[in-house]
1. Among Ala153, Met130, Leu31, which residue has its Cα furthest toward the positive end of the charge dipole of the chain, with +1 on Lys/Arg Cβ and -1 on Asp/Glu Cβ?
2. So what is log10(I(q)/I(0)) for region 102-171 at q = 0.18, 0.22 1/Å, when the Debye sum runs over its Cα atoms only?
3. Along the charge dipole of the chain, which of Pro252, Gly174, Ser218 sits closest to the positive end, that is, farthest toward it, with unit charges on the beta carbon of Lys, Arg, Asp and Glu (+1, +1, -1, -1)?
4. Sorted by accessible area with a 1.4 angstrom probe, largest first, how do Asp194, Asp170, Asp138 fall?
5. Treating only the Cβ atoms of Lys and Arg (+1) and Asp and Glu (-1) as charged, compute the dipole magnitude of the chain about its Cα centre; round to the nearest 20 debye.
6. Between region 56-98 and region 187-246, what is the C-alpha centre distance in whole Å?
7. Ala163 to Arg212: extension gain in nm, 0.36 nm per residue of separation minus the Cα-Cα distance?
8. When ranked by the protection proxy of mean other Cβ atoms within 10 Å per residue, highest first, what sequence do the peptides 203-213, 245-255 form?
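The values are calculated or read from the model by the stated rules, or taken from the named source; none is laboratory data. On a predicted model such as this, the values are computed, not experimentally measured, just so you know. With ideal geometry, Cβ positions are generated from the backbone for all residues, glycine too; neighbour counts draw on all protein chains shown. Each accessible area value is taken on the protein alone, full model and side chains, heavy atoms only, with ligands, DNA and RNA left out. Shrake-Rupley method; radii C 1.70, N 1.55, O 1.52, S 1.80 Å.
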Amino acid sequence: MLYDTHMHTRFSTDSRMTIEEAAARGRELGLGITITEHLDLDFPAPEAFVFDVDEYFRAYGDRRSDRLLLGVEIGMRGDLVRENAAVVAGHPFDFVIGSIHVIDRIDIYQEDFYLRRTKAEVYGQYFGQMFECLGGYDFIDSLGHIDYIARYARFEDPEVHYAEFAAALDAVLGRLAEREKALEINTRRLGDADTVAALLPIYHRFRQLGGRLVTVGSDAHRPAEIGKHFALATDMAQACGLRPVYYRDRKPEYVKL
Ligand SMILES: [Zn+2]
Ligand SMILES: [Zn+2]
């Protein structure tokens, strides 16, 4: 069974989806689901994107099944490696996504992050932080939405083109491959054919550098977003010779397509 391995329910600051709604939608689509609540310690906005992880397991622990798994999406920052490692080590997660959402204490969703700066500068910093974090965050399973910055960047062409950032991307993808981590195919932006065309060379390059595994996740905050563009994502994986997996008990399980 294919799993949607990235979604947010009510423990995530910006989601109101209930676990019942997510589970029902997963069943309807014939997909397993992994809940990955958003934990960004010391987020620039007070009280945002943190949640009580013990309460999460108390509330959802009994819902765990062979088609519903419990994970977390961690915001990676160089100054919080130990704190995040402790959270992961202290709880029985099935799956841990490592993501970059905050750079220099600025939420990269914010317009200020892009003001008076070039794309080369901003994206260089983004991939630089990603590379550095992958050094310390050896306790993640998959790198979340490598193209996240393109969702919000205020440039004429915000797309992540492999050729434009080849050296920085090679460093990130090479380190990920070397550590046998998965690279997420985040389906949020796959509705646009140009985006798919831009992302494909990145996944090809990951394979060339020795990467083998991908996780597929919608980043859903609403039931209707679960499983979106999954056929496209599995086609992308196959085209690149990458194996879709989901993680149970922190171990990769192959998906039969
Ligand atoms: Zn994220
Ligand atoms: Zn997310």
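1. It is Leu31.
2. Taking Cα atoms of region 102-171 as identical point scatterers yields -0.70, -1.04.
3. Working it through, the farthest residue towards the positive pole turns out to be Pro252.
4. Details: Asp194 120, Asp170 40, Asp138 85 Å².
In descending accessible area the options line up as Asp194, Asp138, Asp170.
5. Numbers: 31 positive and 42 negative charges, 147 e Å.
Its charge dipole is roughly 700 debye.
6. 22
7. Numbers: separation 49, 0.36 × 49 = 17.64 nm, distance 2.15 nm.
So the chain would gain 15.5 nm between Ala163 and Arg212.
8. Numbers: 203-213: 19.2, 245-255: 17.2.
The peptides rank, most packed first, as 203-213, 245-255.
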